[in-house]
Amino acid sequence: MVGKILMPKATAVWLIDNTALTFEQIADFCGMHVLEVQALADREQTDYIVGTSPILNGMLSKEDIEKCEKNPDLRLVLNKNSEEFIRKSHEVKSRYTPMAHRQNRPDAIMWLIKNHPNISDAQICKLVRTTKSTINAIRERTHKSISEIQPRNPVLLGICSEFDLTKAILDADAKAERELKKAETLARKAEKKAKKTESDEEK
């Protein structure tokens, strides 16, 4: 294993869906058991984990992946720069965002909106320390700097910790799953009621 990486399950899902890597290679890189990767591939654990590209995160290069796809004996290696960012991300404790990172907030917001649509505006506000009006401006592309905004992971930018981001994603996905199940239950009840009404009318 190469060490702790950003959102291992989300990264594993992306690698499963977008590469020809073996389960062993993915498990080794993500710090997971190969059976966990198999379960993700079969979607036994969850259907609601959104895959996160390790290429966009800067953890891997496309060339790294292609080399390992050609040789199952090779193992993926975390980009050294990303490894340093990830190490530092675990040290992010304060709710204060350094001035050097504040200009990166729009990039972080855009990344969250694009990659994790289940995350609520309230969660984004908490993670990035921003306002709902800023989030709406970026989402609606009316932000004054919209042409300069590039989606970038808030952990790699040093804005929030990996733990806080992962927790927000899991909470948002769990809520989405509950709402979906609730909607399905209501739909079944409505269908059952409609069939009963139709049956009563026939009588």
Point to revise | Number of the condition not met by S82 [criteria: (1) within 22 Å of I16 (Cβ to Cβ); (2) modelled with pLDDT under 90; (3) touching a helix residue (DSSP H, G or I) at 6+ places or on another chain (Cβ under 9 Å)] | key: (3)
Check your understanding: What do you reckon, is A168 of a type in the set (G, A, S) and under 26 Å from I55 (Cα atoms)?
Key -> yes
**Study point:** Pair list, Cβ under 6 Å, 6 or more apart: the range 1-29 residue within 19 Å of N71 (Cβ to Cβ), other residue of a type in the set (D, E) and modelled with pLDDT under 90
**Key:** none
Study note, to complete from the structure: Among the residues of the range 129-186, the number that are part of a loop (DSSP other than H, G, I, E, B) and buried (at least 17 other Cβ atoms within 10 Å of the Cβ) is 13
Study note, to complete from the structure: Picked from the range 22-77 (must be on the phi > 0 side of the Ramachandran plot and small (G, A, S)), the residue modelled with the highest pLDDT is G31
Exercise for review: Of all residues in the range 62-75, count the ones that are surrounded by 13 or more Cβ atoms within 10 Å (Cβ to Cβ) and in a loop (DSSP other than H, G, I, E, B).
Suggested key: 2
Point to revise | Boolean, Q123 is of a type outside the set (K, R), within 24 Å of P8 (Cα to Cα), outside any helix (DSSP H, G or I) and not assigned by TED's automatic domain parsing to the domain that holds G51 | key: no
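The values are calculated or read from the model by the stated rules, or taken from the named source; none is laboratory data. Remember, predicted model here, so these are calculated numbers, not experimental data. Note: ideal-geometry Cβ built from the backbone for every residue, glycine included; neighbour counts use all protein chains shown.
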